[in-house]
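Novice: Right, I'll just put the structure down here and ask away after.
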């Protein structure tokens, strides 16, 4: 049911852990729904120097977290904010339809961590920050999960 | 999936491998008995004789009458038929059905279907071990109650329900009693007469028989609508040319399963208890699910806190171990197993469930290997889990 790429990221997840003195931390999801993602970022001059994640969830949740951290390291904040859940899915060479919500969670976790950085540094959040599905409502992250 | 490790199959509640003698019996029928059991000529009569031989064998194993054995396409069909077939044939008597919150979906979904069609269904709760209360059963019965359906043993947590006692209550009140015994037949000694139920469902592939065949035992004289219309097969209750090879396989598998059953149960139970104690000794932050003693001999079910079941299954699979979970990710919805929730487990703990179901061939070495892998995998997943961190901080 999972692609080789997903299984690779699940078995050998990249960037697991938490950054000491992180510049931005974002946690999304809900234990009730069975997945929580926490991403921490090291940021300098608006560039993401390092990213780490911790995830409670299924194989796809672990793989999307791992891939998402890989995709944002070395990127500028605006480049990272432009990464969509679709891009994460494509990088993993696909996810089963029931697992698309995990990629949404990954996108939200990146955005939440960057938002946290903007808040901490007292800066204006580009585009207002919330994507409309930031998971902060505490439950439904199932929006925008239609597979195409 | 490719892995070099030998497979350790600990999902015998999902299905079982076929017994070699079952394969031989089926092969013989497929090779030499091609007739239609409904034909009058000798080739057909041979098929008919084989069919009735199988029916008699099943009846003997379960202590019922051969004419009470109706072969079906699977256990789910038997459950569907029992619920819908009885309700439709007896709707003049009443429209109320009693069942439990922990039934298999093959019982729950037909009940939900009937609710949409004018029936009323009471879903009884269970206690934290999965047991139904006899008081609750008694209190739920009303004038309109026509049917009670309670599973013999739960497929996820293995709890064995007080079926004989519930059947006695049903009989006193003149209510029909069905039991879904799909997990129990071949695993627990079952005597249809002594049990006192009116209908009982079973499935061959749960006891080393073939897939695609089951049976519904229906007490003589019970009024039930046909499941399938269009032929005189199965006393005109289940039309369609009989799956003779499958039926032969079911009968052979049941015969083998009930042979020396108490001895086999004792052996499996010892292994089960060893596995339970090894997990409890080696892995912290766990929750044992189900009943400690009123339990299927082969069932082990735990929740591992702070981790999610599907990740656990994938990791076990990478180590050659086949198991099952009641997590949302394996149920195809956002909610974890309805059984674990009915036992009162919170969602976040139910997501981390693992079911291991043994066979009489499970060895101590397999259990030791499984526990050593499990310990490492649970530890690894917890190190990755933000809620494990949070719990450590709270402590």
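Since every read-out is calculated from the coordinates, none of them should be taken as a lab result. All values derive from a computational prediction rather than experimental measurement. FYI the Cβ positions are ideal-geometry reconstructions off the backbone, even for glycines, and counts take in every protein chain you see.
Novice: Return the Rg/Rh ratio of region A:48-118 with Cα-based radii and a Kirkwood Rh. Please report the intermediate quantities before stating the final value.
Specialist: Numbers: Rg = 11.3 Å, Rh = 12.0 Å.
Rounded to two decimals, Rg over Rh is 0.94.
Novice: Taking only Cα atoms, what is the 0 to 90° angle, nearest 10, from helix B:163-173's long axis to the longest principal axis of chain B?
Specialist: With rounding to tens, the tilt is 50 degrees.
Novice: Give the peptides B:64-70, B:281-287 in descending order of average Cβ contacts within 10 Å, highest first.
Specialist: So the order, starting with the most tightly packed, is B:64-70, B:281-287.
Novice: Quickly estimate the mean residue ellipticity at 222 nm for chain B, helices only: each DSSP H run with n ≥ 4 gives -39500 (n - 2.57), and the total goes over all residues, rounded to 500. The partial results should precede the final answer.
Specialist: Values: 17 runs with 170 residues, N = 395.
Mean residue ellipticity, 222 nm, calculated: -12500 deg cm²/dmol.
Novice: Here's another thing I want to ask about it. Return the whole-Å distance between the Cα centroid of region B:50-92 and the Cα centroid of region A:48-123.
Specialist: 54 Å
Novice: Also: Return the equivalent ellipsoid semi-axes of region B:195-281 as a descending list in whole Å, where each equals the square root of 5 times an eigenvalue of the C-alpha gyration tensor.
Specialist: Equivalent-ellipsoid dimensions as semi-axes: 35, 16, 12 Å.
Novice: Take the Cα pairs of region B:347-395, get the Kirkwood Rh, then feed it into Stokes-Einstein at 10 °C and 1.306 mPa s and tell me D in µm²/s.
Specialist: 122 µm²/s
Novice: Quick check on chain A: of the DSSP beta bridges with both residues there, what percent are antiparallel, nearest 5%?
Specialist: Of those bridges, close to 95 percent are antiparallel.
Novice: Under the definition of partner shielding as Cβ atoms of other protein chains within 10 Å of a residue Cβ, what is the mean value for peptide B:380-393?
Specialist: For peptide B:380-393, the averaged partner shielding equals 4.
Novice: Stretched out fully, how many nm does the piece from residue B:43 to residue B:60 gain, at 0.36 nm a residue minus the Cα gap?
Specialist: My answer for the length gained is 3.5 nm.
Novice: Considering only DSSP beta bridges with both partners in the protein assembly as shown, what is the antiparallel share in %, to the nearest 5?
Specialist: The antiparallel fraction comes to roughly 65 percent.
Novice: In region B:54-99, how does Rg compare with the Kirkwood Rh, expressed as the Rg/Rh ratio over alpha carbon atoms?
Specialist: Rounded to two decimals, Rg/Rh equals 1.08.
Novice: What do the square roots of 5 times the Cα gyration tensor eigenvalues come to for the protein assembly as shown, in whole Å, largest first, as semi-axes of the equivalent ellipsoid?
Specialist: Details: eigenvalues 494, 125, 100 Å².
Semi-axes, largest first: 50, 25, 22 Å.
Novice: Turning to a different aspect of this structure: Between Rg and the Kirkwood Rh of region A:4-128, both from Cα atoms, what is the Rg to Rh ratio?
Specialist: The Rg/Rh ratio comes out at 0.95.
Novice: Once the principal axes of the Cα atoms of region B:260-394 are found, what is the range along each, listed largest first in whole angstroms?
Specialist: Principal extents (Cα only, largest first): 50, 30, 27 Å.
Novice: Kindly state, to the nearest 0.05, the FRET efficiency for residue B:52 paired with residue B:88, given R0 = 41 Å and r defined as their beta-carbon distance.
Specialist: With a Förster radius of 41 Å, E is 0.90.
Novice: Okay, moving on. Report the semi-axes of the equivalent ellipsoid for chain B in whole Å, largest first, where each axis is √(5λ) for an eigenvalue λ of the Cα gyration tensor.
Specialist: 37, 27, 17
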